[in-house]
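Every number in this text was worked out from the coordinates using simple rules, so none of it is lab data. No experiment lies behind these values; they were computed from the predicted model shown. All Cβ positions, even for glycine, are placed from backbone atoms using ideal geometry, and neighbour counts span all protein chains on display.
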Amino acid sequence: WTGPGHQQDWVDIAVPGTPAGQYNSYVYVRNGNPVQMRAPSAPGAYEIRYINGSETRIMGTRVLTVIRPVTSD
């Protein structure tokens, strides 16, 4: 992640368009860089977002696409 790194800031994964403060998973940036999070299990379009914790404001996003794993039958 890249950002100010304030103690209350976090990185989360959410459905695009979801307001700050609503997410599938999150981790505080104070936990280090890089951080580890679990991606959603449901396939689809998501965003990885950097959130300013003091204002609960989205400061940056990156696209994340979760795909269904390939299985052999």
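Net charge in the neighbourhood of Ile48 (other residues with Cβ under 12 Å of its Cβ; Lys, Arg +1, Asp, Glu -1) is 0. Between Val66 and Ala39, full extension at 0.36 nm per residue minus the direct alpha carbon distance yields a gain of 9.0 nm. Only Cα pairs under 8 Å and 6+ residues apart enter the sum, and on that basis the relative contact order of the chain stands at 32 percent. Given the alternatives [x] 1.18; [y] 1.43; [z] 1.62, Cα Rg over 2.2 N^0.38 Å as computed for this entry is given by [x]. Positive-end ranking of Thr56, Gly32, Val15 along the dipole of region 12-73, with charges on Cβ about the Cα centre, is headed by Gly32. Each Lys and Arg adds +1 at its Cβ and each Asp and Glu adds -1 at its Cβ; summed about the Cα centre, the chain shows a dipole of about 60 debye.
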